[in-house]
Amino acid sequence: MKLLIGIDKTQLISTEAELRSLLGFPGERVIKKVISELDHNCREFIAKSPFLTVSTSNAEGKCDASPRGDAPGFVHVLDDKHLVIPERPGNKRIDTLRNILENPHVGLQFIVPGLGETLRINGRASITKDEVLLQSMAVQGRTPLVGIIVEAEECYMHCAKAFFRSQLWKPETWLDNDQLPSPAKILAEHLNTDGVTEETVAISLADSYKNRLY
């Protein structure tokens, strides 16, 4: 029996039919809940959401999921089919943007703190440099250089089971500060570069969060 990282390869599932035999089929309500436009409910949810994830893949199918966050309402709904996400300053990897240039299909998941249900929107994305549009998304006098326009194709609510299982919104379940992973330590070890330490990375991160959010 051949193993892949300790996993029995004979037990890997390769067809939807096998998956369905184990997991079953969605009910009528699950199928019917999907709409194809940004109705007033979607607009209200997006207006109250300060955080979303953007999932993309390149032409080869290699995937990426990237967070976006700002004050509630930072994502603007343009009409019943289109929304725009301002691109704030980052590390210049531009993974999401490069993927969109190769493959416009994207998946968004909007989160409202304290609420278990999320709003998922799937559609096609493009990148805009329209100064008039982007000026309306300026923060602290700084206008984003580009934005991501998404044409909605599927919009639907996702249930709260993952949030109930994880107890994400219950502060009493959170780790104490001294138990949290250290991003500075992780970055320093991943960089593995002379002169780069946990302390220097921590200082750099703090400066970036304080002075370069916009």
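The values are calculated or read from the model by the stated rules, or taken from the named source; none is laboratory data. This one's a predicted model, so the numbers in the text were calculated from it and none came from an experiment. Cβ placement follows ideal geometry from the backbone for every residue including glycine, while neighbour counts extend to all protein chains displayed. SASA here: full protein model, heavy atoms, side chains in, ligands and nucleic acids out. Shrake-Rupley method; radii C 1.70, N 1.55, O 1.52, S 1.80 Å.
Is the shape of segment 59-214 rounded, prolate or oblate, going by the alpha carbon gyration tensor and its root eigenvalues a ≥ b ≥ c, with a/c under 1.5 for rounded and a/b larger than b/c for prolate?
Oblate, because a/c is 1.5 or more while a/b does not exceed b/c.
Could you give the nm distance between label points at I7 and L101, where each point is 7 Å from its Cα heading toward the beta carbon?
For I7 paired with L101, the spin-label model returns 3.3 nm.
Find the relative contact order for segment 124-193 and round it to a whole percent, using C-alpha pairs within less than 8 Å whose residues are 6+ positions apart.
Taking the mean separation of contacting Cα pairs over the length of segment 124-193, I get 24 percent.
Run the helix sum for the chain: -39,500 (n - 2.57) per DSSP H stretch of 4+ residues, divided by residue count, reported at 222 nm to the nearest 500 deg cm²/dmol.
Working: 8 runs with 63 residues, N = 214.
That calculation yields -8000 deg cm²/dmol at 222 nm.
At a 10 angstrom cut-off on C-beta neighbours, averaged per residue, how do the peptides 146-159, 21-34, 182-195, 63-76 rank from highest to lowest?
The packing order, highest mean first, is 146-159, 63-76, 182-195, 21-34.
Using a probe of 1.4 angstrom, how much of the accessible area of the chain is carbon and sulfur, in percent? The partial results should precede the final answer.
Details: 8280 of 14820 Å².
Heavy-atom surface of the chain belonging to carbon and sulfur, 1.4 Å probe: 56 percent.
Hey, which of these cross-link pairs are over 25 Å Cα-Cα: K161/K210; K9/K32; K33/K62; K32/K161; K129/K185; K33/K170?
From the list (K161/K210; K9/K32; K33/K62; K32/K161; K129/K185; K33/K170), the Cα-Cα distance tops 25 Å for K161/K210; K9/K32; K33/K62; K129/K185; K33/K170.
Could you check which residue among L83, L19, L101 shows the biggest mean-square fluctuation in a GNM of the chain with a 10 Å Cα cutoff?
L19
Please list, in order along segment 81-86, the HN-Hα scalar couplings obtained from phi with the Karplus expression 6.51 cos²θ - 1.76 cosθ + 1.60 (θ = phi - 60°), rounded to whole Hz, x for Gly and Pro.
10, 10, 9, 9, 10, x
Taking only C-alpha pairs under 8 Å that are 6+ residues apart, what is the relative contact order of the chain in percent?
18
With no solvent and one point on each alpha carbon, what is the Debye value of log10 I(q)/I(0) for segment 92-170 at q = 0.13, 0.17, 0.22 Å⁻¹?
-0.58, -0.87, -1.02
In Å², and per residue, what accessible area does the chain have when probed at 1.4 Å with the other protein chains present?
Dividing the accessible area of the chain by its residue count gives 69 Å².
Any idea how far apart A162 and V139 come out in nm if each label point goes 7 Å out from Cα toward Cβ?
Between A162 and V139, the label points sit 2.3 nm apart.
May I ask you to derive the relative contact order of segment 1-70, considering only C-alpha pairs under 8 Å and at least 6 residues apart, and to give it as an integer percent?
17
Roughly how many nanometres apart are two label points built 7 Å out from the Cα toward the Cβ at E37 and K170?
Each label point is offset 7 Å from its Cα along the Cβ direction, giving 4.1 nm.
Could you work out how much longer the chain between K62 and K92 gets when fully extended? Use 0.36 nm per residue separation minus the Cα distance between them, nm to one decimal.
Contour length minus the Cα-Cα distance gives 8.9 nm.
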